[in-house]
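Below: the structure, in structure tokens.
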Amino acid sequence: MLEDDFNDVLSKAIRGLGANATSLGVDQDRLRRCLSGNLDTELIRTIAPQLSLNTEKLLALASYDPQLTIPANLKMFTSPFGHLGVNAYVVETTHYILIFDTGTDAAEMIRYITLHAPAKTQHIFITHEHPDHIECLADFPQAQIHHPTLQHGEKLKYDDISITVLDVAGHAAPAIAYHLEGLESDICIVGDAIFAGSIGGCKTLASYPIALKNIREHLLTLPDATYLCSGHGGVTTVALEKANNPFL
């Protein structure tokens, strides 16, 4: 199941570009109905190109469902938030537990860590500081916390795992993605920068082009097989988003 439907994608693009029915040359009530979830193929074909959205990808969004199996050495924990929840992730190395965001309820994650690796050094890497991603920081009093103020391109090393810091500001600022190499497959923890079939919403006209630029330059340039682990919804890959994401 996707985080965003076609109307959510349209709303994010319209808000990001400061567009409206008048600037798009369409009837206001008709646009409102479409943005409320009434699929209007003709209207979408009219406005999607003006919003720099791929029309066919947008119309096919309802049938897009990656349904990937995540790598065995990556654990995903989903806690309540919105209609799909919010995701946090754990990677275990020989000496470390690497935690990416905390979600809104870390009880399941803490049980897992207590059972499998109670003595390992804990590091928490925050993608961005929206409340649903950091609500449980206090539940990890022994962890070293890495805030999203790390520099783009900075490299960290934990046993056989190397992490490259990527700037994905836009939905939030600052916002960081973490590209992990050394697992059975490359993964990138992306926060809310990109979802399967969508991107994180932007609050200002200035942040929207920054978000798209960072996605294109810092995420889509990763190897196609890289798993993209989002803050909401399922896991996807670079190749799948190139092929299916209307924003791209």
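Taken as a whole, segment 66-76 holds at least one residue that is in contact with a helix residue (DSSP H, G or I) (Cβ under 9 Å, 6 or more places away or on another chain) and at pLDDT below 95. Of all residues in segment 95-105, those satisfying the criterion of being open to solvent by 10 Å² or more (accessible area, probe 1.4 Å) and either without any contact (Cβ under 8 Å) to a residue 40 or more places away in the chain or of a type in the set (Gly, Ala, Ser) (or both) are THR104, ASP105. Listed by first and then second residue, the pairs with beta-carbon distance under 6 Å, at least 6 apart or on different chains, first residue in segment 133-149 and over 20 Å from THR164 (Cα atoms) and acidic (Asp, Glu), second open to solvent by less than 100 Å² (accessible area, probe 1.4 Å) and in a loop (DSSP other than H, G, I, E, B), are GLU135/THR104; ASP139/ALA106. When restricted to residues that are at pLDDT 95 or above and either more than 18 Å from VAL86 (Cβ to Cβ) or assigned to a loop (DSSP other than H, G, I, E, B) (or both), segment 120-144 contains 15.
Of all residues in segment 1-53, those satisfying the criterion of being touching a residue at least 60 places away in the same chain (Cβ under 8 Å), open to solvent by 60 Å² or more (accessible area, probe 1.4 Å) and not in a loop (DSSP other than H, G, I, E, B) are ARG15, LEU17.
Residue check: THR93 meets all listed conditions (1) under 25 Å from LYS157 (Cα atoms); (2) out of contact with any Lys or Arg (no Cβ under 9 Å at 6 or more places or on another chain); (3) of a type in the set (S, T, N, Q) but one, namely (2). Of the residues GLU92, GLU135, GLU108, only one is under 24 Å from MET1 (Cβ atoms), over 20 Å from the mean Cα position of the chain (by Cα) and open to solvent by 30 Å² or more (accessible area, probe 1.4 Å); which? Selected residue: GLU108, the only one of GLU92, GLU135, GLU108 that is under 24 Å from MET1 (Cβ atoms), over 20 Å from the mean Cα position of the chain (by Cα) and open to solvent by 30 Å² or more (accessible area, probe 1.4 Å).
Meeting the requirement of 3 or more residues that are open to solvent by 10 Å² or more (accessible area, probe 1.4 Å), the strands (runs of 3 or more DSSP E) wholly within segment 152-248 are 155-158, 161-167.
The values are calculated or read from the model by the stated rules, or taken from the named source; none is laboratory data. Note that the coordinates shown come from a computational prediction; the quantities given were computed from them, not determined experimentally. All Cβ positions, glycine included, derive from the backbone under ideal geometry; neighbour counts span all protein chains shown. What goes into the accessible areas is simple: the full protein's heavy atoms, side chains included, and nothing from ligands, DNA or RNA. Shrake-Rupley method; radii C 1.70, N 1.55, O 1.52, S 1.80 Å.
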